[in-house]
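A quick write-up on the structure given underneath.
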Amino acid sequence: MSASSNPAAASPAKPVPHAGRLDAVGYLIALGGIVRRELLRFFHQKERFFSAMVRPLVWLFIFAAGFRNTLGTSITPPYETYVLYEVYVVPGLAVMIQLFNGMQSSLSMVYDREVGSMKVLLTSPYPRWTLLLAKLIAGVSVSIVQAYAFLAIAWFWETGIPPVGYLAALPAFLASGLMLGAIGLFLSSLVRQLENFASVMNFVIFPMFFASSALYPLWQVRASSEWLYLVCQANPFTHAVELVRFALYGRFEPVACAVVVGTGLLFFTLAVIAYDPGRGIMARRGGPAGEAA
């Protein structure tokens with residue numbers, strides 16, 4: 001029988017569209033699923049929300065009230081007049097929420113990587129960098145909700161933030177949240193057990209927070225200690241605070257933006273390499289939960 005008399009032999013089977021490969025819709029579905037899961041987890045754990053609010057509100061309502069006449073801030077950008085201490089610390093406390101949330105999100109990543117949902121996702125056909133980016137975006141979404149909830153409460157404390165500042169600060173919160181989340185994501189790749197991650201958080205969170213401009217202007221730090229001033233300048237958390245501080249008053253700080261974006265890209269790249277079972281830290285551990293690379 002000739003090939004012309006056999007239609008099946010003459011015309012090869014047409015490939016099914018999108019079969020055997022991942023398309024943009026699949027990436028969006030994976031991203032939406034991870035973000036939705038993180039948001040649902042946050043809203044179902046109401047104690048997580050209240051615990052995130054306790055730290056900044058205690059500092060604003062108690063410590064700032066006691067220091068308001070002692071630690072007032074002179075006229076320094078972005079402020080155009082003398083401001084009270086509670087006005088100065090609001091941006092730093094908002095970014096502090098993102099710092100703790102980034103570390104807490106990474107803490108859940110340690111668990112999910114070993115026995116949770118990320119153990120399955122990390123073995124899926126999707127590139128690992130897309131899954132890690134989706135996890136990062138999910139954590140940032142939660143941190144932004146918490147930060148704006150704090151700003152809404154602080155508004156009744158007469159912080160003097162202009163209404164347009166709340167909208168202008170959204171890109172700054174996004175950039176700072178991505179940077180802090182990327183740092184936490186990289187740290188989660190270094191830790192195998194939850195018990196060890198708690199100690200790592202203490203060695204990261206408190207030095208980053210206190211050695212920054214979140215609680216006091218850097219010119220006051222420089223007046224007392226030059227080396228501590230240099231440490232604060234090198235601290236990426238300082239630049240995240242200043243980026244948000246300037247944005248809340250409708251101004252842009254280019255140096256802070258460059259440091260925040262650059263640091264975020266650096267640590268996210270390190271996290272992607274570390275989570276690569278072929279060449280990163282996971283390769284030396286046999287992959288998530290000890291799987292073969």
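With contacts taken as Cα pairs under 8 Å at a separation of at least 6 residues, the range 196-244 carries a relative contact order of 39 percent. Residues W219, W59, W155, ordered by accessible area of protein heavy atoms at a 1.4 angstrom probe radius and largest first, appear as W155, W219, W59.
Based on the alpha-carbon set only, what is the convex hull volume of the range 143-241 divided per residue, in Å³?
130 Å³
Taking the 1.4 Å solvent-accessible surface of the range 214-258 as the whole, the part contributed by carbon and sulfur is 68%.
The values are calculated or read from the model by the stated rules, or taken from the named source; none is laboratory data. This is a predicted model, so every value here is computed, not measured. We work out accessible area using only protein heavy atoms, side chains counted, and drop any ligands, DNA or RNA first. Shrake-Rupley method; radii C 1.70, N 1.55, O 1.52, S 1.80 Å.
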